[in-house]
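Participant: Structure provided below as structure tokens; questions to follow.
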Amino acid sequence: GQQLNQSPQSMFIQEGEDVSMNCTSSSIFNTWLWYKQEPGEGPVLLIALYKAGELTSNGRLTAQFGITRKDSFLNISASIPSDVGIYFCAGRPSGTGGFKTIFGAGTRLFVKA
Amino acid sequence: NAGVTQTPKFQVLKTGQSMTLQCAQDMNHEYMSWYRQDPGMGLRLIHYSVGAGITDQGEVPNGYNVSRSTTEDFPLRLLSAAPSQTSVYFCASSQQGGGAFFGQGTRLTVV
């Protein structure tokens with residue numbers, strides 16, 4: 001079946017540093033989504049991308065829909081301790097009607113104050 | 001502002017027992033889905049529904065049943081619980097093309 005490869009698996013950074021993570025797929029996606037999950041909670045949507053090449057920001061977060069439609073990137077600028085959590089990419093494969101969503105394995109972010 | 005509500009939050013089952021995980025949403029979303037989350041594996045799709053009366057299998061459907069009699073509710077049934085079904089279960093809802101809203105999860109342990 002379709003799979004998303006998300007990297008890195010984990011990151012340990014200093015407060016104030018910038019963070020980059022990415023997600024790749026072997027098939028074409030119509031939609032890319034980025035979520036954050038904090039302990040004991042469900043994932044929360046951060047950014048949604050709908051067009052190849054689209055670049056969207058949400059505060060210090062910026063995500064891009066890759067030109068090939070097989071990848072996406074999330075950047076966090078000037079990290080702060082509350083950025084700690086698991087970041088998931090998710091995508092909707094082409095031809096699934098805009099509903100079916102599959103998730104990457106997540107990137108665990110640790111921020112040292 | 002309820003959003004997506006899952007019950008129970010925690011459950012311990014003995015092997016072979018059956019139970020139903022409840023999920024309700026009050027946003028009139030067409031699409032609802034169930035995921036399980038296991039360490040290092042992200043969220044895997046169990047079953048999903050694109051509207052009342054319509055359900056389909058996801059990546060890991062074996063051992064689970066679903067039904068969608070109303071737009072609001074999408075229960076997940078474990079027919080005969082097994083230790084391999086120990087996991088955290090998330091229900092989500094969305095409109096077509098939109099991002100999903102998740103519940104807080106049900107932490108299930110099968111002993």
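Participant: Residues that are without any contact (Cβ under 8 Å) to a residue 40 or more places away in the chain: list the strands (runs of 3 or more DSSP E) wholly contained in segment A:1-95 that include at least 3 such residues.
Facilitator: Result: A:44-49, A:55-58, A:61-65.
Participant: Restricting attention to segment B:43-63, and to residues there that are in a strand (DSSP E or B) and β-branched (Val, Ile, Thr), which single residue is farthest from A:PRO93 (Cα to Cα)?
Facilitator: Top of the filtered list is B:ILE54.
Participant: Assess whether B:THR15 counts as being part of a loop (DSSP other than H, G, I, E, B), of a type in the set (Ser, Thr, Tyr), under 30 Å from A:LYS51 (Cα atoms) and out of contact with any Gly (no Cβ under 7 Å at 6 or more places or on another chain).
Facilitator: no
Participant: Take segment B:39-55 and flag every residue that is farther than 15 Å from A:THR101 by Cβ and either under 14 Å from the mean Cα position of the chain (by Cα) or crowded, with 21+ Cβ neighbours inside 10 Å (or both).
Facilitator: Matches in segment B:39-55: B:THR55 only.
Participant: Let me ask something additional. Restricting attention to segment B:1-34, and to residues there that are without any contact (Cβ under 8 Å) to a residue 60 or more places away in the chain and crowded, with 17+ Cβ neighbours inside 10 Å, which single residue is nearest to A:SER10 (Cα to Cα)?
Facilitator: That would be B:TRP34.
Participant: Continuing with the same structure: What are the residue pairs meeting all of these: first residue in segment B:78-103, first residue at the interface with chain A (Cβ under 8 Å from one of its Cβ atoms), second residue of a type in the set (D, E, K, R) and outside any strand (DSSP E or B), Cβ atoms under 9 Å, and 6 or more apart or on different chains?
Facilitator: Once the first residue is at the interface with chain A (Cβ under 8 Å from one of its Cβ atoms) and sits in segment B:78-103, its partners that are of a type in the set (D, E, K, R) and outside any strand (DSSP E or B) give B:SER94/B:GLU30; B:GLN96/B:GLU30; B:PHE102/A:GLU41.
Throughout, read-outs are computed from the coordinates displayed, never taken from laboratory work. Bear in mind the structure is a predicted one, so any value in this text is a computation, not a measurement. Here Cβ is always computed from backbone atoms with ideal geometry, including for glycine, and neighbour counts include all displayed protein chains.
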